[in-house]
Each structure stands twice: as structure tokens, then as C-alpha cells.
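Quick note: the coordinates plus some simple rules give every number you see, no bench work behind them. It should be emphasised that the depicted structure is a prediction, and the values quoted were computed from it without experimental measurement. Cβ placement follows ideal geometry from the backbone for every residue including glycine, while neighbour counts extend to all protein chains displayed.
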Amino acid sequence: GGLEHLRLTYLPKLSSAIQSLSSLASLRLLSLQGCSGVKDKHVQPVSSLRALTHLDLRGCRSTSSALPPMLASMQALRHLHLSLSGVRDRVGGGDSNTPSFNKRAPLPPPLH
């Protein structure tokens, strides 16, 4: 057991607290949607979460194109949401501002 789903949304000053998330080994879903202060360096510890299957970085405008390669080592990651983020290079080709990933899809709807 342990925490499996964590939604920390629309918290502009969350950036430094994200580094402590790397200790949540059983975390499968992490949503940082709308956390405008989140930068690549803050997300890097998240890449050590081996069980993480869903990552939502929508609206994290301070992230960059360096982020997808950093997350490439996350073998379990299947759903990555980057719309309205700072990631501008399209992974896998194309010319849209929203990256696409072969094994990635939008997050499921929020749990109620």
C-alpha cells in the first residue's frame, strides 16, 4: 500500500515541494495541472517514480522541450498530458504545439 493517486493542481508556488515526491514509490497518478511555477528541474525527481503510469503537466508553462527526453526512462508511463505546457517541440514529428507520444494518451477523468 501507499499513496497511488496525487492531484496537486493550480498551485503556483508548488515547485520546490515536488522534489519530495520521489519518495512516493507506489505513486501511479500525479497531476500537477496548472502549477505554473513548475520547471524541468522540479519534474526531474518525478522521473524516478517507477510505478507512475499517468503524469499531467497541463498548464505547466515553465517546462521545456528538455522534459520529454528526461521522462523517456519512465518505463511504466503510459499517459502524459502536456497541453498548454512549455513543451513546444513535437515528439515523433509534426508541427503542432502539443506533443504526441506513441504510448501516451490523455489522463482519465477526475475521480469523484
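Quick notes
- For R7, distant residues with modelled amide H under 5 Å away: S31
- Interchain or long-range residues, amide H under 5 Å from V38's placed H: S62
- Contour minus Cα-Cα distance for A66 and A17 (0.36 nm per residue): 15.6 nm
- Difference of contour (0.36 nm per residue) and Cα-Cα distance, E4 to S36: 9.2 nm
- The peptide list 10-20, 30-40, put in order of mean Cβ contacts within 10 Å with the highest first, becomes 30-40, 10-20.
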